[in-house]
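Student: This is the structure I have questions about; it appears just below.
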Amino acid sequence: MINFYYIIYMDKRYAQMLKSLNENNRLHSNKDDRILIIDGLNTFIRSFVVVPTVNENGTHVGGITGFLMSIGYAIRNIKPTRVVICFDGKGGSQRRRKLFPDYKANRRVKHRMTRINEFNSVDDERIAMGQQLQRLAEYLQTLPITVMATENIEADDAMAYISQQIYPKSQCILMSTDKDFLQLVDDRVQVWSPTKKKFYFKDTLKEEFEIESKNFLMYRVLTGDSSDNIPGIKGAGTKTLMRRLPILFEDKELSLEKLFDYIDNSDDDTKLMENISNNREQLELNYQLMQLKEVDISGRAKESINNICKATMQKLNKPKFLQMLLEDTINMNIKNPQLWLKDTFTILNSFALRSGDNK
């Protein structure tokens, strides 16, 4: 039976969260007060696959329009003072593949991702994806946002580094469907899921996963990540972990060392505990692959990310954006483009204009 009272309660709760974000915005006078950090490729691929939009010529443009609509929705609701969009840099997965050659091996596409009739093969689809991504980059250059793709760095690492090191005192909202970012949730950092239309705060994360955010990484280390082809411990489901590893669900941060100590001193001889004990190297590898608090990136990469984030914010180029919509015959796919630009980017552009004046 559906609990309507619970639904009403949760609706009110999220409305209060959004209201709180909006009220806090009135207090923000600095461009670095509230940073929205977006997982670029995550957002683009989801849009390309799910959004069937075609332009007036019948060409699929869902990757472009879906991306713009998705970030526009987030910006209007979150009202950030700055937006940073991170894409995977060239060779971004190399570091993790050196540690684990099968990392993301399951993502090598062998079949079509969409059902769009325009694409006759995987190659057609891949070409269209590349063309839309390249064109999207040109659209983003006209908007008051920061875009980066740092060589040899995955977007996950860049986003984490920005939230933890570049803006350590700012409120940071990470936009992605990737659960890895939930390990970063604390009093200052939240995650926005664009598919669930849901904010993950410490309490909402605990409600859904029954675990404290400070131990979410260890939970993932044990359960693995099928999307990245990272294996978990056999039998390590949530219910079983709650029964056999209550230390994981306590309000104390659990490290690998403490986990192994607990296993070594436990009288529990169940298969799960045996599997954990026998797979210590795999767990240590999983930790290296998944942890984002202290990302392992080069000094050059850190300098590049810092320089991009500290550079003058680019200003809104409305004529260029509107001209591109006409060129691509997708001006009808965005209802009232001028109003959309005004409602979405006015606040960001005001900070960009001030940023330029201060240089």
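Student: So, of the residues in the stretch 15-64 that are at pLDDT 95 or above and of a type in the set (Ser, Thr, Tyr), which turns out to be nearest to GLN164 (Cα to Cα)?
Tutor: Once the filter is applied, the top-ranked residue is THR43.
Student: Restricting attention to the stretch 26-77, and to residues there that are among the β-branched types (Val, Ile, Thr) and assigned to a strand (DSSP E or B), which single residue is surrounded by the fewest Cβ atoms within 10 Å (Cβ to Cβ)?
Tutor: Out of the qualifying residues, it is VAL54.
Student: Let me ask something additional. Search the stretch 224-239 for residues being of a type outside the set (Ser, Thr, Tyr) and part of a helix (DSSP H, G or I), and hand back the single one that is surrounded by the most Cβ atoms within 10 Å (Cβ to Cβ).
Tutor: Looking at residues that are of a type outside the set (Ser, Thr, Tyr) and part of a helix (DSSP H, G or I), I get ASP228.
Student: I'm checking my understanding of the structure. Among residues of the stretch 193-218 that are assigned to a helix (DSSP H, G or I) and polar (S, T, N, Q), which one is surrounded by the fewest Cβ atoms within 10 Å (Cβ to Cβ)?
Tutor: The extreme case among them is THR204.
Student: Also: Please state which of the following conditions ASN317 fails to meet, knowing it meets all the rest: (1) touching a residue at least 40 places away in the same chain (Cβ under 8 Å); (2) more than 30 Å from GLY63 (Cα to Cα).
Tutor: (2)
Student: Which of (1) more than 19 Å from the chain's Cα centre (by Cα); (2) surrounded by 19 or more Cβ atoms within 10 Å (Cβ to Cβ); (3) of a type in the set (A, V, I, L, M, F, W, C) is the odd one out, the single condition MET242 does not satisfy?
Tutor: Exception for MET242: condition (2).
Student: Next question, about the same structure. Restricting attention to the stretch 78-124, which residues are modelled with pLDDT under 90 and not in a loop (DSSP other than H, G, I, E, B)?
Tutor: Correct list: ALA105, ASN106, ARG107, VAL122, ASP123, ASP124.
Student: Here's a follow-up. Looking at this structure, is ILE153 over 23 Å from LYS197 (Cβ atoms) and touching a His at 6+ places or on another chain (Cβ under 6 Å)?
Tutor: Judged against the criteria, ILE153 is not a match.
Student: Here are the criteria: (1) over 23 Å from the mean Cα position of the chain (by Cα); (2) not in a helix (DSSP H, G or I). Tell me which single one VAL295 does not satisfy.
Tutor: (1)
Student: On the basis of being outside the structural domain of GLY40 (by TED's automatic domain parsing) and loosely packed, with under 15 Cβ neighbours inside 10 Å, does LYS252 make the cut?
Tutor: yes
Student: Across the stretch 316-333, what is the number of residues that are surrounded by 18 or more Cβ atoms within 10 Å (Cβ to Cβ) and either modelled with pLDDT under 95 or in a loop (DSSP other than H, G, I, E, B) (or both)?
Tutor: Matching residues across the stretch 316-333 total 4.
Student: OK, next. Only one of (1) within 18 Å of the chain's Cα centre (by Cα); (2) modelled with pLDDT of 95 or more; (3) part of a helix (DSSP H, G or I) fails for VAL221. Which number is that?
Tutor: (1)
Student: Right, another one. If only one of LYS214, LYS179, LYS169 is within 15 Å of the chain's Cα centre (by Cα) and either over 20 Å from MET290 (Cα atoms) or in contact (Cβ under 8 Å) with a residue 24 or more places away in the chain (or both), which one is it?
Tutor: Just one listed residue meets the conditions, LYS179.
The values are calculated or read from the model by the stated rules, or taken from the named source; none is laboratory data. All of these numbers come straight from a predicted model, not from anything done at the bench. Positions of Cβ are backbone-derived with ideal geometry, glycine not excepted, and every protein chain shown enters the neighbour counts.
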